[in-house]
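These notes are about the structure you will find just below.
The values are calculated or read from the model by the stated rules, or taken from the named source; none is laboratory data. Quantities reported herein were computed from a predicted structural model and do not represent experimental measurements. Note: ideal-geometry Cβ built from the backbone for every residue, glycine included; neighbour counts use all protein chains shown.
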Ligand SMILES: *Cc1c(COP(=O)(O)O)cnc(C)c1O
């Protein structure tokens, strides 16, 4: 299987080459030339596999220059739950045993903290939580940084190192990341002290939660750097993209024995591991008897950069029975507007919300969807993207719009609704959700009311509520006092829910990275980091 760029240039390359380089030289994103197919029989077979086996099978469909032995090794390492006995990981493992309110400290007595940080704290890796007979939450935040980015970023470094080997690359790779909060920490955790790699993360100085910031600025590792950008996420992302396309700068790095790559969801190696959890959720619904083989379900996804929901689209395209993908936006509802009107228009105010990982006006991965739906016409995509950078907007023709509304629905959620949804779900069901997940659940309720579609639906739950403790506490009606870490403990006290291990001792770690730079100084910051780390 070969990969090509959404903008028509760059030629055909292998999966390993696409992962090693991240972004195509024509500015486009890589995607597979043709798509594989998973039969219902295969899905049924995967239902009897643990998460790592399901993920290896899905990865193997797309990464055919990797052996199944390699992929099985990587997924077993990436998706491990070291505190749990293998026998318990078996499918059919009783959900009730690991119900909400479950105290982490009870998981395994005498169990070493350091071990938790390198694995998942749930034997099923990506478990479903049943809310009612037609609604389940897919909890993607049991990894080392308590947000869904771990699902991909525990895998990507392994895929990246193997890809460098397969492409005979001898230079070091320097991973540049622009983060709206969660990607940065998950990438740092994934690449920390991985030989042959360096990683530099840019985050918007005033755009991340206290916990997110603490997680990043206390990161350990000799090959890492973290810098705040004086701007918002789009400024950070635009800065990183322009560094990638700066030929003179890339030539300088080459002389220094180094090249740039990406751990953002523009890298195909980030996307493909995400397809696996859509399939896995379907398998778990089958195993629990909530659905029958072949029955169509919906997924409702809190969306920012369109990476997560795009993985859902690919899951649908390779044969998973999905009826609708519901794209949920917060107050920054550029995507909901686009799905409804076919016009993408980023000329609008940017809001800082309680769901910061969705505070995005330029959703990079939409480009892949448009390419798939525009007859794979790279020229058309290049024209949209050029309109976007010149005028801040583009409009797609009606056939593309119809294709989108055939598969996607949209929804939105205000700040007040985010809070009332968290409160309502907790009071009614005793289930604590974070701000991003609340945006999705609110969008799902509206979708059901508008369409009458009662299909079984999986709400993709993207972060632990403890990652956004301040917002969750105030949603539950508590007055805030003190800093972000006080809120973490207070949220645990007030709700009886256990704090995930990786967030428990954050306040005891000393900050290592306190620099901030204006947005036009990002390139110099990269240069300084590479010079210092090469010494
Ligand atoms: C990154 C993130 C999102 C948005 O995901 P995209 O792939 O960018 O659409 C939603 N919720 C949380 C908690 C995130 O970290």
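Quick look at the numbers
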{"item": "Unique residue being touching a strand residue (DSSP E or B) at 6+ places or on another chain (Cβ under 8 Å), closer than 18 Å to residue 277 by Cα and at pLDDT below 95 when the list is 183, 135", "result": "183"}
{"item": "Residue match in the stretch 9-28 (condition: in contact with a helix residue (DSSP H, G or I) (Cβ under 6 Å, 6 or more places away or on another chain) and in a loop (DSSP other than H, G, I, E, B))", "result": "no"}
{"item": "Residue under evaluation residue 353, criteria (1) in contact with a strand residue (DSSP E or B) (Cβ under 8 Å, 6 or more places away or on another chain); (2) surrounded by 20 or more Cβ atoms within 10 Å (Cβ to Cβ); (3) not in a helix (DSSP H, G or I), criterion not met", "result": "(1)"}
{"item": "Verdict on residue 271 being touching a helix residue (DSSP H, G or I) at 6+ places or on another chain (Cβ under 7 Å) and either modelled with pLDDT of 95 or more or under 16 Å from residue 444 (Cβ atoms) (or both)", "result": "yes"}
{"item": "Inter-residue pairs, beta-carbon under 7 Å, first touching a residue at least 60 places away in the same chain (Cβ under 8 Å) and farther than 19 Å from residue 319 by Cβ and in the stretch 281-309, second part of a loop (DSSP other than H, G, I, E, B) and away from the ligand (no atom under 16 Å from the Cβ), 6+ apart", "result": "290/456"}
{"item": "Flag for residue 438 being within 28 Å of residue 138 (Cβ to Cβ), surrounded by 23 or more Cβ atoms within 10 Å (Cβ to Cβ) and in contact with a helix residue (DSSP H, G or I) (Cβ under 7 Å, 6 or more places away or on another chain)", "result": "yes"}
{"item": "Hits in the stretch 335-361 - residues which are within 18 Å of residue 404 (Cα to Cα) and within 12 Å of the ligand (Cβ to nearest atom)", "result": "335"}
{"item": "Test: residue in the stretch 224-245 that is under 18 Å from the mean Cα position of the chain (by Cα), within 14 Å of the ligand (Cβ to nearest atom), buried (at least 17 other Cβ atoms within 10 Å of the Cβ) and at pLDDT 95 or above", "result": "no"}
{"item": "Count - residues of the stretch 365-394 that are touching a helix residue (DSSP H, G or I) at 6+ places or on another chain (Cβ under 8 Å), farther than 22 Å from residue 4 by Cα and surrounded by fewer than 19 Cβ atoms within 10 Å (Cβ to Cβ)", "result": "1"}
{"item": "Any hit, the stretch 416-439, residues being on the phi > 0 side of the Ramachandran plot, out of contact with any strand residue (DSSP E or B) (no Cβ under 7 Å at 6 or more places or on another chain), touching a residue at least 40 places away in the same chain (Cβ under 8 Å) and more than 15 Å from the ligand (Cβ to nearest atom)", "result": "yes"}
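Okay, residues lined up against (1) more than 12 Å from the ligand (Cβ to nearest atom); (2) under 26 Å from residue 14 (Cα atoms):
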site	(1), (2)
127	yes, no
136	yes, no
141	no, no
149	no, yes
175	yes, yes
184	no, no
209	no, no
221	yes, no
